[in-house]
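The values are calculated or read from the model by the stated rules, or taken from the named source; none is laboratory data. On a predicted model such as this, the values are computed, not experimentally measured, just so you know. Here the Cβ positions follow ideal geometry from the backbone for every residue, glycine too, while neighbour counts run over all protein chains shown. For accessibility, only protein heavy atoms count, side chains too; no ligands or nucleic acids. Shrake-Rupley method; radii C 1.70, N 1.55, O 1.52, S 1.80 Å.
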Amino acid sequence: MFRKVIIGLLMTTLATSAMQADVAKRPVRDGWKFRQGRSEIWYPATVPGTVHTDLIANEIIEDPFFRLNERGVQWVDKEDWMYETTLVATAAEVGSSNQELVFHGLDTYADVYLNGKSILNANNMHRTWRVNVKGLLKQGENKLEVYFHSPIKIDLPKCDKYSYGFNTGPDQSQNGGIFDKLVSIFARKAGYHYGWDWGPRLVTSGIWRDIVLETWSDSRIDDVQLIQNKVSEASATLSSIVEMRCDAAVSNATLTVTANGREVAKKQVSLTKGDNRVQMDYTIHNPRLWWPNGLGEAYLYDFETTLSIGGKVADSRKQEIGLRSIVLHNDKDQYGHNLYFEVNGKPVFMKGADMVPLDNFLPRITRERYEKHVLDAKAVNMNMIRVWGGGVYEDDYFYELCDRNGILVWQDFMFACSIYPADDEFIANIRQEAIDNVKRLRNHACIALWCGNNECQDVMYGWGNRKKYYEERGVLPLLESQFKNMYFKCLPEVVAEYGSGVAYRPSSPFAFEDTPSDGVNGDAHYWGVWHGRDSIGHYNVERARFFSEYGFQSFPEFESVKLYAPQKRDWNINSEVMMAHQRAGSYANNLIRDYMNAEYRTPDNFEHFLYVGMLLQGDAIKTAMEAHRRDMPYCMGTLYWQHNDCWPVASWAARDYYGRWKAQQYFARQAYRDILVSPTVKDDVVKVSLVSDRRADAKGKFTITALTLDGKKLAQVSRNVTAKAFTSQVIFSSALRNMLKGCKREDMVIAVRFETAGAEPYTNVGYACRQKRMNYTHPNYSVDIEPAEGGYEVTVGSDVFARGVFLSIEGIDNFFSDNYFDILPGEKRTIHVRTTIDRDEMRRQLKILSLGDTF
């Protein structure tokens, strides 16, 4: 009998060892239904999803992005909503010693019930919620319910409690039918859902990220943090911190770390029951470094951390990680305080854009849309994207794509353009929000900076002037204390503790703790051009150490506009539909026209107006990008507003909601190349700057040519020059009269070119007067269309200088490798067009438009 007991115990031990395996994770996506809180009528639902998208799918509401439909769905956010499914648990899941439901995204005020018992009250869409359901989960059918409270009904009483107002950014409460009740700041929810000056008011609710059932027994790895203590070409000194949970004490555990299959660290450890944290220090010699786009390979190691017990694998964690050093400098110098990133020991000029969420309905953002978003940034030579603070901490896949493609991320915490009522409960909530997201993202090579907020510092101390407002109402000490608790204590403490050494800045823009930004100390958001109505040429004189935001509006192209405004009566910038898709107000449409009148000749034709407007935007931002790069190293970054839209709209975006490239996106590709040759004309002096972001010098040939619009050469100079690494230099200067040779400035252009081995020539065109004064004529085009892989090669020539040549065909299911380009007289440009239409249809549909055609 005793022998049988021993054998039985031995078999139990072996069975337990055999159970020591990776955590079982199962998304709960099937069988969901939903209803209005005060209704008993159920409809099928999609999870992850939102109430709005489920209502659209069930044909209860129409697409809010189409024409004026947004107005008709404002009732949705005033209602409560119930979601329900049946979760069928297996014997293995219920037999596991640990059973947890993990809620990766509940938007926002949600009560969760399992088999009728309350298990969670959530109040933050940015957090991950983990609930132990052991003892509640049963084998077979389990009823899982999520009740979403109206964020408007929850937060209106909070708003009414205050005798003073909070700055809330462009909260479109009036559009939502709640008059001046600015409630967005009270919910830990994406601020842009309440409307912005480029986005609609669509206050969603729903299970916007997966719910996952996790089951496991014995021991598991909860998290692995990789700290890059010191990284160089010679060695990478690293620390892996492994967080584990155990059902019981373990005396014979082994932790192993491999990189690309090679063991780099191993440690024998004893683990206690409950939470465990083990650090392993090690060195990788002669590592392959991760570089930003344009400076080298964005190399990623395959790291795997394995927990073994008694020689058997209990759990493992795989991660793709790039090894690099990133240092953010904010050093005092003779001008003020600089701001620049040093990557792998090299100062890097940041070239990029600010992004907003890709859709108002976040679960509609597919992997394919993220891929296009990041690859479009890479294609135009960006090396940084700033994730703006009024949206969300993006999906893991976005950061994986940035890792793989060498795109650094300036990551805002989710606070924007507002002052928040940050009492102790609020601080506790956002602290956990910050911990969740810093831990989730910290191993990504792309994470370059955590920033406390977007523009809240300037709201308090600068253009918002809230400090004076609160002072007059006697609440400044309280609100300033809360403000500093958020951005100078809570968030930096989280980054310091969990952020693996990544830098933190309290705000963007930011100079000093108790002052507004000034551009001389740190980064700047420059809106003198556009909001301040400064001329576009002012971009050439405005200076800052790092431009983290600036922009200029345009409408989408005509083929995009027809998708949301298909009726001819809509085709006027002041029509009701076009105004509904312009969230900056009527002044913005008028401002586009005013700038166009000042800089161009304004067409009467709607389609031509859209085209000229995109050239206007492209030229404005091209002017800024080149000016910022010429000012290196005083200026060390240029991030324009903005990379994308969340719905179809007139905005500052370089790519419209449908992913169509505007002129600005095409112009960025040239302005952000690793070498820039940039001509300027000021005070009747022509200067050409050569700017290089390369890590090594590049020898080449520079040529400047002045020619008439019909191709007559007025002057030409060629010389050998060296584009020095990480340097901006003036390589040519001459009086304009030497280039004109008696020609009127309205009748000539200045073409510059730099040729160096191994690269396509770097080219640019300069002008001696504004575009409206140029004597452009209607070009005679030559066109040749030849079949090519995925579409056609279209070769276009012109008998005269053709400014901003725009090629288009019907619809948006196509892509032109270049567009809005200039053609010098007698030259030809070959463009690849991706399309599925046949050759005859291609010939029929192809339209060519240049600025001269609109005069």
Cβ-Cβ below 6 Å, separation at least six or inter-chain, first residue in region 660-685 and closer than 13 Å to M382 by Cα, second surrounded by fewer than 23 Cβ atoms within 10 Å (Cβ to Cβ) and among the small types (G, A, S): which pairs?
D674/G294
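On the phi > 0 side of the Ramachandran plot and in contact with a helix residue (DSSP H, G or I) (Cβ under 6 Å, 6 or more places away or on another chain): does that describe G206?
Numbers: on the phi > 0 side of the Ramachandran plot: yes; in contact with a helix residue (DSSP H, G or I) (Cβ under 6 Å, 6 or more places away or on another chain): yes.
It is true that G206 is on the phi > 0 side of the Ramachandran plot and in contact with a helix residue (DSSP H, G or I) (Cβ under 6 Å, 6 or more places away or on another chain).
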Near pairs, Cβ below 7 angstrom, 6+ apart or cross-chain, from region 581-605 (aromatic (F, W, Y)) to any residue that is in a helix (DSSP H, G or I)
Y595/L616; Y600/V612; Y600/L616; Y600/Q771; Y600/K772
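Here's the yes/no breakdown for (1) among the aliphatic types (A, V, I, L, M); (2) over 16 Å from E827 (Cα atoms); (3) in a strand (DSSP E or B); (4) open to solvent by 70 Å² or more (accessible area, probe 1.4 Å):
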site: P779; (1), (2), (3), (4): no, no, no, no
site: S782; (1), (2), (3), (4): no, no, yes, no
site: E786; (1), (2), (3), (4): no, yes, yes, yes
site: Y792; (1), (2), (3), (4): no, yes, yes, no
site: G797; (1), (2), (3), (4): no, no, yes, no
site: V800; (1), (2), (3), (4): yes, no, no, no
site: R803; (1), (2), (3), (4): no, no, yes, no
site: E810; (1), (2), (3), (4): no, yes, no, yes
Pick from region 628-669, criterion over 19 Å from the mean Cα position of the chain (by Cα) and open to solvent by less than 10 Å² (accessible area, probe 1.4 Å), ranking: farthest from Q334 (Cα to Cα):
A663
Identify, please: which residue in region 501-531 is touching a Cys at 6+ places or on another chain (Cβ under 8 Å) and part of a strand (DSSP E or B) and is, among those, nearest to L591 (Cα to Cα)?
S508
Looking at (1) part of a helix (DSSP H, G or I); (2) without any contact (Cβ under 8 Å) to a residue 60 or more places away in the chain; (3) closer than 20 Å to N521 by Cβ, which one does V459 not meet, given that it meets all the others?
(2)
Over region 722-742, the set of residues closer than 17 Å to G766 by Cβ, open to solvent by less than 50 Å² (accessible area, probe 1.4 Å) and of a type in the set (A, V, I, L, M) is I731, A735, L736, M739, L740
Where in region 84-172 are there strands (runs of 3 or more DSSP E), lying fully within it, with 2 or more residues that are open to solvent by less than 10 Å² (accessible area, probe 1.4 Å), closer than 15 Å to L213 by Cβ and at pLDDT 95 or above?
98-103, 109-114, 140-148
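Out of curiosity, is R29 part of a loop (DSSP other than H, G, I, E, B), at pLDDT 95 or above, farther than 30 Å from S219 by Cβ and open to solvent by 70 Å² or more (accessible area, probe 1.4 Å)? Can you show your working first?
Details: part of a loop (DSSP other than H, G, I, E, B): yes; at pLDDT 95 or above: yes; farther than 30 Å from S219 by Cβ: no; open to solvent by 70 Å² or more (accessible area, probe 1.4 Å): yes.
No.
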Those residues of region 280-300 which are open to solvent by less than 80 Å² (accessible area, probe 1.4 Å), out of contact with any Gly (no Cβ under 7 Å at 6 or more places or on another chain) and assigned to a strand (DSSP E or B), in sequence order
M280, Y282, T283, I284
Residue count for region 554-572, restricted to those that are over 28 Å from the mean Cα position of the chain (by Cα) and surrounded by fewer than 19 Cβ atoms within 10 Å (Cβ to Cβ):
5
Would you mind telling me which numbered condition in (1) in contact (Cβ under 8 Å) with a residue 24 or more places away in the chain; (2) out of contact with any His (no Cβ under 6 Å at 6 or more places or on another chain); (3) open to solvent by 30 Å² or more (accessible area, probe 1.4 Å) T756 fails?
(3)
Filtered residues of region 465-516 (kept if under 23 Å from R545 (Cα atoms) and among the hydroxyl-bearing types (S, T, Y))
Y487, Y504, S507, S508, T515
Quick check on this structure: which one of A544, A584 is assigned to a loop (DSSP other than H, G, I, E, B), among the aliphatic types (A, V, I, L, M) and open to solvent by 10 Å² or more (accessible area, probe 1.4 Å)?
A584
Search result, residues across region 694-739 that are under 37 Å from the mean Cα position of the chain (by Cα), of a type in the set (D, E, K, R) and outside any strand (DSSP E or B):
R694, R695, D697, K724
